[in-house]
Every structure is written in C-alpha cells, then in structure tokens.
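Data first, discussion second: the structure below is written as structure tokens.
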Amino acid sequence: MDETYTLGEHTFRSRLIIGSGKYESFEQNRECAEASGAEMVTVALRRTKLDAPKGQGLLDFVSPDRFTILPNTAGCFTADDAIATARLGRELLGHGLVKLEVIGDERTLFPDVAATLQAAQILVDEGFTVLPYVTDDPVTCQRLAALGCAAVMPLGAPIGSGMGIRNPANLRIILETVEVPVIVDAGVGTASDASVAMELGCTAVLMNTGIAAAKEPVLMARAMKLAVEAGRIAYGAGRMPRRLYAAASSPTDGLASF
C-alpha cells in the first residue's frame, strides 16, 4: 500500500485533514491537530483573520511551519467570489493549494455544481491545485477530474450534520471512475464514519465538526486518527465476502464420529 499521496506539489502521509472552525480556542485547535496526526489544516479565508496581531491569530497556534495550511473558500456563493478568495489565499500563504467551495443553498450548504465547475476551470487554468467540495455525484466528480482538479471532495453528508457516509454506493462509483484522489468531506460524526470512508478506498477524510463538537475534542481527534489508519489498513487487507447464510469457522470435512 502507498504510504503517501500527492496533491499538486504537496505530499502527505497522514490521511486525516482537519478544520479550524468551532473550537473553543486556538489552543484547543492546535491540540486537536496534534492529536489527530494531521499534516494539513483547512482555514476559511472569509471567516479567519490571518493578519491578526502577532500572538493573537490562528496561525500563531496552528503554524504553517508545522502544518500545511489549506485555504478554503467557505462562505462564497458565486464563482467570482470563490475565485477572488482563492487568489487572496495564494497571496497570503504563498502556495496555490485551495479547497474550492461554492455554496448553492444556505440551509443545506450543498454546493452549486455549475458554479463550482466554472470556478474550478478558471483556477486550474491559473495554476492552482484545486480540491473541489462537491456533491457525491459521480458525473460531476468525473468532470472536475477532467478539468484538471488535483482531487475531488464529495460530501459524506451535509456539512456539520454528523450523519456519516449516507451514500457509500455513489462513493464506490466515484472511486471506480476517477483517477485523482477522492477525499470525503463533510458529514463525518464519529470514528466509525471515518473508517467506512477509508474502507471504501478513499484517499483521505476531511472533518471539522466531528472533532470540534465532541464532548472531548482532543480525545475524539485521537480516535479519528486511529479510525482512519484502521480503515486504510482494512482496505488494503481486503474484507471477506458477504454471505447470506452462515459458514462454519472450523473445517467440517473429516470430523470424527462418536
């Protein structure tokens, strides 16, 4: 099994990506990032003050020297806004890695697929390493991959819902039909959800609320780390076939008669 995966010019070993929202403090965010083993932390550029006075900003705690900061365009509702936000992220952080989000509905936070495709094309043409948040629609994921996106990030369930992987069948189709990394984004609520995504063969899992909203966030971060690792190993091992009826665990041939 591959020990690492690559997104553009960046190579990672950890297959768990965490967010930077909803934590009680920057200190707690850092503790969770460290406990999770994550190498990449995503930051909402429109909701985070990256130029805060020294010692008072997120990047003073979740340092770019320790973690790859993945800027995202959360809060953008048009392709133009997302593109402008991505450009700002590249200027501030010095790299073109971006998680592209163009929201189409305020209540569900589902992505605007047409606007996401439009923004992705422009950003890819400008040399960005684009990781688009998208619905779990195989056709849309195929089109984004064909545009040159470095990965696709289908949702497991609505953002912040904690409902887990609601449509594993679609994820399996996506995994079979795109050649770029597939990173499950949104909906993971607990460790077993992360394992399911990895056992399907996903490259990585991105989560925020599943850790930040836990009763013990640092402990949950550790659980998610282990779940992702276990799911990846199980995928490599290959699960046994499912059976409708029982099959004896021990051999039945050559049993002695009494």
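Below, the figures for the structure above:
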{"read-out": "Range of Cα positions in the stretch 157-254 per principal axis (Å), largest first", "value": "56, 34, 21"}
{"read-out": "For the chain, size of Cβ-based charge dipole, Lys and Arg +1, Asp and Glu -1, in debye", "value": "520"}
{"read-out": "Rounded percent of accessible protein surface that carbon and sulfur make up, the stretch 101-258, 1.4 Å probe", "value": "53"}
{"read-out": "Projected-area mean, the stretch 10-78, by convex hull of Cα positions, square nanometres", "value": "5.3"}
{"read-out": "Rounded D (µm²/s) - the stretch 1-115, Kirkwood Rh over Cα pairs, Stokes-Einstein at 25 °C, 0.890 mPa s", "value": "163"}
{"read-out": "Listed residues Lys225, Lys99, Lys22, most fluctuating in the chain (Gaussian network, C-alpha, under 10 Å)", "value": "Lys22"}
{"read-out": "Where only alpha carbons of the stretch 97-136 are counted, the Rg and the Dmax (Å)", "value": "10.2, 32"}
{"read-out": "Average accessible surface area per residue within the stretch 42-198, 1.4 Å rolling probe, Å²", "value": "43"}
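The values are calculated or read from the model by the stated rules, or taken from the named source; none is laboratory data. If you're wondering where the values come from, they're calculated on a predicted model, not measured in any experiment. Every residue, glycine as well, gets a Cβ built from its backbone with ideal geometry; the counts of neighbours run over all protein chains shown. These accessible areas exclude ligands, DNA and RNA; they are computed on the full protein's heavy atoms, side chains included. Shrake-Rupley method; radii C 1.70, N 1.55, O 1.52, S 1.80 Å.
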